[in-house]
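Just so you know, all these numbers are worked out from the coordinates, no wet-lab data involved. What you see is a predicted model, and the numbers here were worked out from it, not measured in a lab. In this analysis, Cβ positions are derived from the backbone assuming ideal geometry, glycine residues included, and neighbour counts consider all displayed protein chains.
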2 protein chains.
Amino acid sequence: MGRVHSFIGTGDSYDWANISEQVYESAKVRGVSVRWLIGAAEGAPHFAVRYFEIEPGGRTSLDRHEHDHGVVVLRGHGEVLLGEEVAEISFGDAVYVSPEEVHQFRCLGDEPLGFLCVIPAHRSASE
Amino acid sequence: MGRVHSFIGTGDSYDWANISEQVYESAKVRGVSVRWLIGAAEGAPHFAVRYFEIEPGGRTSLDRHEHDHGVVVLRGHGEVLLGEEVAEISFGDAVYVSPEEVHQFRCLGDEPLGFLCVIPAHRSASE
């Protein structure tokens with residue numbers, strides 16, 4: 001059965017009904033949380049859609065793994081490292097991170113950087 | 001290699017650099033366009049991310065197919081039919097359409113309804 005997860009956020013705070021926030025606690029990560037909007041809980045067999053938020057001054061870990069990412073920015077301003085290139089990103093920008101490509105997302109400015117991140121359902125790493 | 005497709009839209013018109021708009025021309029569809037943000041052109045092996053826009057008064061076709069959809073609304077106001085249920089949707093709402101579930105998206109109000117739609121890369125139907 002399909003499902004709708006209603007957005008219940010405001011301009012300052014993004015949130016969804018019945019979706020819990022998970023905060024990353026690792027020395028490799030700074031100020032990052034994730035909400036799984038669509039994934040195993042919905043029975044989705046092929047892909048997952050997560051919402052990541054990075055606090056001002058924060059960044060995801062410097063990652064490199066087998067699976068790819070499809071990212072679309074929803075709020076804020078930041079930059080993404082893709083291999084050896086850095087690009088600034090804000091609302092609507094779409095980023096494709098290829099398999100085995102080094103990548104990192106960083107928040108710039110005073111507002112959190114929030115983005116959707118799609119991953120394949122079957123993958124060897126967890127990020 | 002990863003890629004960034006920059007958003008170049010405004011409040012009235014959503015658009016991306018180097019991504020062309022495709023308008024559906026079918027009697028089953030009214031006022032619907034799609035932009036492929038991430039997919040075969042990026043070499044993405046597992047999933048595709050598209051941006052759909054439905055004009056005021058428009059609707060997608062009444063669909064039922066093997067593959068599933070992961071949808072997040074970016075703009076406007078509308079409703080989604082999921083099986084026999086109808087839910088109103090607007091910014092941020094996440095919709096999971098299960099395999100073989102009857103579904104249709106409809107725009108309500110004066111602004112286009114725009115949403116991201118994730119699909120698996122391998123599928124038997126084209127929508």
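A few remarks follow.
- In terms of other Cβ atoms within 10 Å, A:Thr10, B:Thr60 run from fewest to most in the order A:Thr10, B:Thr60.
- Fewest-first sequence of A:Glu21, B:Glu66, B:Glu42 by Cβ atoms within 10 Å of each Cβ: B:Glu66, A:Glu21, B:Glu42
- With a Förster radius of 35 Å applied to the C-beta separation of B:His122 and A:Thr10, the computed FRET efficiency comes to 0.35.
- Computed over the Cα atoms of the protein assembly as shown, pair by distinct pair, the Kirkwood hydrodynamic radius stands at 18.3 angstrom.
- Sequence-separation-based contact order of chain B, relative, with Cα cut under 8 Å and 6+ spacing, percent: 26 percent
- For region A:1-46, trypsin sites (Lys or Arg not before Pro) meeting the loop criterion (DSSP other than H, G, I, E, B) and having at most 14 other Cβ atoms within 10 Å: A:Lys28.
- For the protein assembly as shown, size of Cβ-based charge dipole, Lys and Arg +1, Asp and Glu -1, in debye: 320 debye
- For B:His5, net neighbour charge (Lys/Arg +1, Asp/Glu -1) across residues whose Cβ lies under 11 Å away: -1
- For chain A, the Stokes-Einstein estimate of translational diffusion at 10 °C and a viscosity of 1.306 mPa s comes to 106 µm²/s, using the Kirkwood hydrodynamic radius over alpha-carbon pairs.
- For region A:22-120, size of Cβ-based charge dipole, Lys and Arg +1, Asp and Glu -1, in debye: 300 debye
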